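Undergrad: Have a look at this one before I ask anything.
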Amino acid sequence: MRTPVYRHFLPFVTITSAALFLTACGSGSGDAGRTDAAGVAATSDQVPTTDVVSAVKKDDAAAKLLPAGTRHLTVAVSVGGTPPGTTYLSDGRTLTGQDVDFTKAVAKTLGIELKVEQASFEAILPALDSGKYDFGASNFGVTDERRKTIDFVTYVNDGQGFATRRDSKLSKITDLRQLCGLNVATGAGTTFEATLEDNRHVCADAGKKPYQVQTYSEPSALWSSVQQGRSDVVMSTINGLRYAVAHQPGLRFLNEYHRLDVGFAFKKGTDLAPAFRAAVNKLIADGTYDRILKKWGTTGSAITESRVSPPELKD
């Protein structure tokens with residue numbers, strides 16, 4: 001779906017969708033607005049709407065790092081996730097989420113206009129090299145494999161984790177061999193799918209029945225699979241899992257598995273990276289960064305400095 005060009009000081013995007021997915025809410029576990037032990041906003045039935053971006057001003061030093069003549073860019077976003085990932089407000093048109101706020105804040109810092117296009121998560125990275133999009137903003141984890149073809153500018157630290165149904169006998173997963181014989185749900189084209197596929201051999205090596213990887217492009221289908229028992233466990237972003245567990249009854253967060261830096265994604269060799277890095281660091285310095293994380297309950301994902309394509313974090 002193509003969208004009009006929106007100036008950086010207007011609402012991020014207004015895309016209509018016939019297949020709007022909103023996370024099931026109301027865990028009944030406390031007062032609205034409470035923050036759980038994991039540091040994630042836990043029980044509000046409303047997606048956060050605090051304005052943490054409109055006060056951001058253009059930073060001339062960062063803007064000067066843009067390639068000459070850069071006035072507008074096209075960003076690809078994957079829509080349909082659960083907060084803090086990209087989703088819609090209740091009007092069914094306005095996008096929101098942690099990545100949305102960071103993208104808007106960087107655009108304002110650099111004084112550029114954004115054309116926003118919606119794409120499936122797995123389609124964004126391959127399309128960057130062709131120039132279809134200038135960058136992607138959908139919680140892309142920085143891995144050594146991805147760094148071969150993609151440049152990143154980091155803005156948070158998130159990573160991989162597991163969740164399951166509350167009645168599951170599964171406990172903390174520290175070794176993928178604990179998944180042997182199980183059905184594992186995850187997002188298509190993600191680092192989670194890659195991790196699971198790359199390690200399929202661990203069950204055979206241990207003489208155990210292999211786990212089955214079930215991939216979904218729509219988070220609603222993923223969570224339905226878990227809730228209805230077609231999948232035994234889900235592997236996804238740490239922050240996304242914690243939010244889902246806090247807002248959907250009958251789910252339980254298991255544990256963090258592997259931390260990853262998360263960044264804006266660009267084609268390899270981009271000349272946009274220095275400006276984006278400077279913009280993120282400006283947001284860190286002026287307090288906007290902390291306000292965005294507090295809005296989404298993800299202060300545990302803070303970084304102290306943005307970097308360009310750092311090596312993958314190793315446990």
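Coordinate-derived values only; no laboratory data. Owing to the predicted nature of the structure, the values given are computational and were not obtained by experimental measurement. When we count neighbours, we look across all protein chains shown, and the Cβ atoms used for this are built from the backbone with ideal geometry, even at glycine.
Undergrad: Residue by residue, what Karplus-based ³J(HN,Hα) values in Hz, rounded to whole numbers, does the stretch 263-270 have, using 6.51, -1.76 and 1.60 with θ = phi - 60° and x for Gly and Pro?
TA: Ordered by residue, 3J(HN,Hα) equals x, 5, 10, 9, 5, 4, x, 4 Hz.
Undergrad: Expressed in nm to one decimal, what extension gain is obtained for the pair N255 and D205 from 0.36 nm per residue of sequence separation less their Cα-Cα distance?
TA: 15.6 nm
Undergrad: Could you list the square roots of 5 times each eigenvalue of the Cα gyration tensor of the stretch 160-259, that is, the equivalent ellipsoid semi-axes, sorted largest first and rounded to whole Å?
TA: Result for the stretch 160-259: semi-axes of 20, 14, 13 Å.
Undergrad: Taking the highest mean first, how do the peptides 99-112, 293-306, 50-63, 259-272 order by number of other beta carbon atoms within 10 angstrom per residue?
TA: 99-112, 259-272, 293-306, 50-63
Undergrad: Using 7 Å Cα-to-Cβ label points, what is the K172/E305 separation (nm, one decimal)?
TA: 3.2
Undergrad: Could you sort 89-95, 72-78 so that the peptide with the highest average Cβ count within 10 Å comes first and the rest follow in order?
TA: Taking the mean over residues of other Cβ atoms within 10 Å, the ranking is 72-78, 89-95.
Undergrad: So if R0 is 30 Å, what FRET efficiency would H72 and R147 give, r being the distance between their Cβ atoms, rounded to the nearest 0.05?
TA: Taking R0 as 30 Å, the efficiency between H72 and R147 is 0.65.
Undergrad: May I pose another question? Excluding A105 itself, calculate the net charge of residues whose Cβ lies under 13 Å from the Cβ of A105, where each Lys or Arg counts +1 and each Asp or Glu counts -1.
TA: Residues near A105 contribute +1 overall.
Undergrad: Kindly provide the helix-only [θ] at 222 nm of the chain, computed as the sum of -39,500 (n - 2.57) over DSSP H runs of four or more divided by all residues, to the nearest 500 deg cm²/dmol?
TA: Taking each H run of at least 4 residues, the total per residue is -7000 deg cm²/dmol.
Undergrad: Need the list of lysines near K209 for cross-linking: C-alpha distance under 19 angstrom, and skip anything on the same chain fewer than eight residues off.
TA: Of all the lysines, those that pass the test against K209 - Cα under 19 Å, at least 8 places apart if same chain - are K169.
Undergrad: Highest mean first, how do 234-247, 138-151, 274-287 rank when packing is the count of other Cβ atoms within 10 Å averaged over residues?
TA: The packing order, highest mean first, is 234-247, 274-287, 138-151.
Undergrad: So which lysines pass the test for K104, namely a Cα distance under 29 Å, with those fewer than 8 places away in the same chain ruled out?
TA: Straight-line reach from K104, under 29 Å: K57, K58, K64, K115, K132, K148, K267, K268, K282, K294, K295.
Undergrad: Between T70 and residues 5 or more places away or on another chain, which pairs have amide H atoms under 5 Å apart, with H built 1.01 Å from N, and which residues are they?
TA: Correct list: empty.
Undergrad: Let me ask you something else. Taking the Cα-to-Cβ direction at D60 and at Q227 and moving 7 Å from each Cα, how far apart do the two end points lie in nm?
TA: Placing both labels 7 Å along Cα→Cβ, they lie 5.3 nm apart.
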